[in-house]
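The values are calculated or read from the model by the stated rules, or taken from the named source; none is laboratory data. These numbers come from a predicted model, not from an experiment. Ideal geometry is used to build each Cβ from the backbone, glycine not excepted, and the neighbour counts take in all protein chains shown. Just so you know, the surface numbers come from the protein's heavy atoms only, side chains and all, with ligands and any DNA or RNA stripped out. Shrake-Rupley method; radii C 1.70, N 1.55, O 1.52, S 1.80 Å.
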Amino acid sequence: GGIGTEKIVLELKKLYPDARFIDWEYDDGFLTADFRSNGLKVDMKFDDNCQWITKKTKYRKLSQQPNNIQQAFKQTPYATWRIDDIEFIEFYLFPEKDYYKFDVTYRDLDMEVFISRDGSQVNHLYD
């Protein structure tokens, strides 16, 4: 990497001082970092100006989510399904588009449940 890469590494360390096991790669012209922080897996994509664009944080438990998201999920028809994982997807330029994605399973059915950051919008998609 060049100067830009060094700046991005510094930016990542500023945002996540405890980031470990950092794996860098180029994806569609963007530099991506996959790493662990506070025991969670985080994926970030950066632009040429060293600004993060998207951030995806993986969780295992519903209890790790804010109360409004827990309540929104509990009100879905999938509340009793097994949660395989939860991702919180954030957009730097469009925080209003941030959302939670729940991968859930019931017997041999897989479903993705999407909940907006404020818990107001819920959608689902068969996986």
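Report, to two decimal places, the Cα Rg of the chain normalised by 2.2 N^0.38 Å (N = number of residues). Intermediate values should be presented prior to the final figure.
Working: Rg = 16.1 Å, N = 127, 2.2 N^0.38 = 13.9 Å.
This ratio for the chain stands at 1.16.
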Completion exercise
Amide H neighbours of Leu31 at under 5 Å, excluding residues fewer than 5 places away on the same chain, with H built from the backbone geometry, are Phe46
Completion exercise
Helix 3-15: inclination vs the chain longest Cα principal axis, degrees, rounded to 10, gives 50 degrees
Handout entry: Separation in nanometres of the label points that stand 7 Å from Cα toward Cβ, at Tyr106 and Lys61
Key = 2.4 nm
Practice task
Using θ = phi - 60° and the Karplus relation 6.51 cos²θ - 1.76 cosθ + 1.60, list the HN-Hα couplings for region 17-29 in order, rounded to whole Hz, with x at every Gly or Pro.
Solution key: x, 9, 4, 10, 6, 6, 10, 9, 7, 8, 9, 6, x
Fill in the blank from the handout: Quick calc: nm separation of the 7 Å Cα→Cβ label points for Thr5 and Asp84 -> 3.4 nm
Practice task
Please list the non-local residues whose amide H lies under 5 Å from the amide H of His124, H modeled 1.01 Å from N, same-chain partners needing a gap of 5 or more.
Solution key: Phe114
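Nothing charged except the Cβ atoms of Lys and Arg (+1) and of Asp and Glu (-1): what's the magnitude of the dipole of the chain about its Cα centre? Round to the nearest 20 debye.
Magnitude of the dipole: close to 600 debye.
Averaged per residue, what accessible surface does the chain expose to a 1.4 Å probe, in Å²? It would help to have the intermediate numbers written out before the result.
Numbers: 8000 Å² over 127 residues.
Result: 63 Å² of accessible area for each residue.
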Handout entry: Flagged links, alpha-carbon separation over 18 Å, of Lys14/Lys97; Lys14/Lys55; Lys74/Lys97; Lys13/Lys101; Lys13/Lys55
Key = Lys14/Lys97; Lys74/Lys97; Lys13/Lys101
Practice task
May I ask you to evaluate 6.51 cos²θ - 1.76 cosθ + 1.60, the Karplus curve with θ = phi - 60°, for each residue of region 111-120 and list the ³J(HN,Hα) values in order in whole Hz, giving x for glycine and proline?
Solution key: 9, 10, 10, 10, 10, 5, 3, 8, x, 7
Handout entry: Point-to-point label distance, Gln75-Asp28, nm (Cα→Cβ direction, 7 Å offset)
Key = 3.2 nm
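I'd like the carbon and sulfur percentage of the solvent accessible area for the chain, probe radius 1.4 Å, heavy atoms only, ligands and nucleic acids excluded. Let's see the in-between values first.
Details: 3970 of 8000 Å².
Exposed carbon and sulfur together represent 50 percent of the surface.
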Practice task
Springs between alpha-carbon atoms under 10 Å, Gaussian network over the chain: tell me which of Phe114, Phe94, Phe73 tops the mean-square fluctuations.
Solution key: Phe94
Handout entry: Whole-Å semi-axes of region 1-66's equivalent ellipsoid (Cα gyration tensor)
Key = 23, 12, 10
